[in-house]
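Working notes, structure below.
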Amino acid sequence: MTAIRNYQAKEELDDFEVTQSKITANALFNFMREYTFLEKVIYNMAISPRYYPEDVRYLRLKKGSEDLTEWYIPMTCFCDIPLHQISYHAEGNSMSPNANDKGYGKFSIAFHKEFGIRKGIQPIHYLNEGSAHVEELTNTMNLLLNQGNNATGVNEVLTNFIFEYIRMIKPYVGKMKRRDKDNNVIEITKNFQDEHEWRYIPKLNLRELPLMLVEEEGIRAEEINKIYTDSIPQTRDGVLKFDVEDVRYIFVDSVQHRNRLIQFIRGKRKGKRLSSQEKDILISKIMVYDELKEDT
């Protein structure tokens with residue numbers, strides 16, 4: 001499995017001011033499909049990234065004679081879509097000719113954008129496949145992928161920069177994997193820029209976990225990514241920790257799940273301990289998605 005050295009970001013910023021957005025939301029939303037995922041996040045007061053597959057056929061990369069079509073990047077994804085436009089992201093498009101164009105779920109935890117910026121969460125760069133930018137990136141990547149162990153000095157710095165950069169890119173339009181009603185893996189085409197994606201990429205040490213998974217030498221990244229994903233919480237700085245004051249909203253899909261979550265928070269004894277006041281504040285942030293949708 002290919003190992004790429006981490007190009008470490010700066011430590012969290014201590015003294016800065018975020019200019020409020022007039023077009024996008026001033027919150028970063030992490031959506032999920034299952035209620036139990038939300039309970040797990042609140043139990044730990046932390047989000048654990050996972051290795052996600054990225055289709056990179058649009059980059060036309062080669063390692064030796066082999067086409068490099070996919071890699072897995074450890075990340076947690078957020079969006080800063082305004083609330084009145086969030087329904088497509090959460091639910092997908094029921095009128096789409098592609099029945100598998102589903103959303104990311106009605107459960108969500110949203111953080112103040114200032115918190116996300118402090119933690120190094122970064123808006124990604126969407127690429128036009130037909131642009132000169134992508135052509136030059138392809139040329140550079142193919143050179144780096146096939147340089148062997150010759151990266152020293154300036155080349156090593158540039159290599160680290162490029163490999164950090166490619167973890168923050170996506171095509172303007174491209175393919176993504178979904179599971180159909182029979183749980184088969186299929187591909188759908190999406191306009192990714194509509195997702196307004198921001199990414200949290202954990203600061204992993206190569207002695208702990210690989211920074212990317214790339215299929216090679218008969219090893220299938222798809223088959224082993226869960227093993228690495230399950231190991232991220234055991235790393236030193238892999239998870240995204242947060243406090244009650246960092247949370248802006250919590251979404252559940254129904255009144256029933258709201259009541260269940262309230263009871264879960266009030267009865268929370270394990271995981272990260274919260275005071276009675278912190279529990280009350282967290283409960284005050286819960287919103288029912290279907291009720292919110294009626295008023296947007």
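The values are calculated or read from the model by the stated rules, or taken from the named source; none is laboratory data. This is a predicted model, so every value here is computed, not measured. Reconstructed Cβ throughout: ideal geometry from the backbone, glycine too, with neighbour counts over all protein chains shown. SASA here: full protein model, heavy atoms, side chains in, ligands and nucleic acids out. Shrake-Rupley method; radii C 1.70, N 1.55, O 1.52, S 1.80 Å.
Under the definition of Cα pairs under 8 Å and six or more residues apart, what whole-number percent is the relative contact order of the stretch 185-296? Kindly include the intermediate steps, with their values, before the conclusion.
Numbers: 62 pairs, mean separation 27.5, N = 112.
Once normalised by length, the contact order is 25 percent.
Enumerate lysine pairs in the stretch 250-296 that are 8 or more residues apart or on different chains, then count those whose Cα atoms are under 23 Å apart.
Lysine pairs satisfying the spacing and distance rule in the stretch 250-296 number 6.
Specify, per residue and in Å³, the volume enclosed by the convex hull of the alpha carbon atoms belonging to the stretch 21-120.
Each residue corresponds to 162 Å³ of Cα convex hull volume.
With the crude spin-label approximation of a point 7 Å out along Cα→Cβ, what separation in nm comes out for R178 versus K22?
3.6 nm
Ignoring ligands, DNA and RNA, what accessible area per residue does the chain give at 1.4 Å, in Å²?
Accessible area per residue: 56 Å².
Roughly speaking, what is the stretch gain from Q277 to K63, that is 0.36 nm per residue apart minus the C-alpha to C-alpha distance, in nm to one decimal?
Gain on stretching Q277 to K63: 71.5 nm.
For semi-axes √(5λ) of the Cα gyration tensor in Å, pick the label among (1) 30, 22, 19; (2) 40, 22, 17; (3) 34, 23, 19 that corresponds to the value derived from the coordinates.
Read-out taken from this structure: (3).
Could you work out the relative contact order of the chain? I mean the mean sequence separation of Cα pairs under 8 Å and 6+ apart, divided by the number of residues, in percent.
Value for the chain: 29 percent.
Given 25 °C and 0.890 mPa s, how large is the Stokes-Einstein diffusion coefficient of the stretch 36-75 in µm²/s, with Rh as the Kirkwood radius over Cα pairs?
The calculation lands on 197 µm²/s.
For V173, V134, what's the largest-to-smallest order of accessible area, 1.4 Å probe?
Highest to lowest solvent-accessible surface, that is V173, V134.
Could you check the simple spin-label distance between V185 and Y165, using points 7 Å along Cα→Cβ, in nm with one decimal?
2.9 nm
Using θ = phi - 60° and the Karplus relation 6.51 cos²θ - 1.76 cosθ + 1.60, list the HN-Hα couplings for the stretch 266-273 in order, rounded to whole Hz, with x at every Gly or Pro.
5, x, 5, 10, 10, x, 6, 6
What's the center-to-center distance, using Cα atoms, between the stretch 178-257 and the stretch 26-59 in Å?
Comparing the Cα centres of the stretch 178-257 and the stretch 26-59, I get a distance of 5 Å.
How much FRET efficiency would the formula 1/(1 + (r/R0)^6) give for D55 and Q256, where r is the Cβ-Cβ distance and R0 is 30 Å, rounded to 0.05? It would help to have the intermediate numbers written out before the result.
Numbers: r = 37 Å, r/R0 = 1.24.
Once rounded, the FRET efficiency stands at 0.20.
What FRET efficiency would be calculated for the residue pair A46, E156, taking the C-beta separation as r and a Förster radius of 30 Å, to the nearest 0.05?
The pair A46/E156 has a calculated efficiency of 0.35.
In whole Hz, with x marking every Gly and Pro, tabulate ³J(HN,Hα) for the stretch 17-23 from phi via Karplus 6.51 cos²θ - 1.76 cosθ + 1.60, θ = phi - 60°.
Going residue by residue, I get 10, 8, 6, 5, 7, 9, 10 Hz, with x marking Gly and Pro.
Report, to the nearest 10°, how far helix 154-165 tilts away from the longest principal axis of the Cα atoms in the chain, using its own Cα long axis and a range of 0 to 90°.
With both axes taken from Cα atoms, the answer is about 40 degrees.
Give me, ordered by chain and number, the residues 5 or more places off M212 or on other chains with an amide H under 5 Å from its own placed amide H.
Distant-sequence amide H within range of M212: I4.
Can you work out D for the stretch 172-251 in µm² s⁻¹ from Stokes-Einstein, where Rh is the Kirkwood radius over C-alpha pairs, the temperature is 20 °C and the viscosity is 1.002 mPa s? Let's see the in-between values first.
Details: Rh = 16.1 Å.
Answer, rounded: 133 µm²/s.
Across the stretch 154-296, how large is the tail of the calculated P(r) beyond 20 Å, expressed as a percent of all Cα pairs?
Cα-Cα pairs in the stretch 154-296 separated by more than 20 Å: 71 percent.
Rounded, prolate or oblate for the stretch 221-296? Axes are the square roots of the Cα gyration tensor eigenvalues, ordered a ≥ b ≥ c, and the cut-off for rounded is a/c under 1.5.
Oblate, since a/c reaches 1.5 and b/c is not below a/b.
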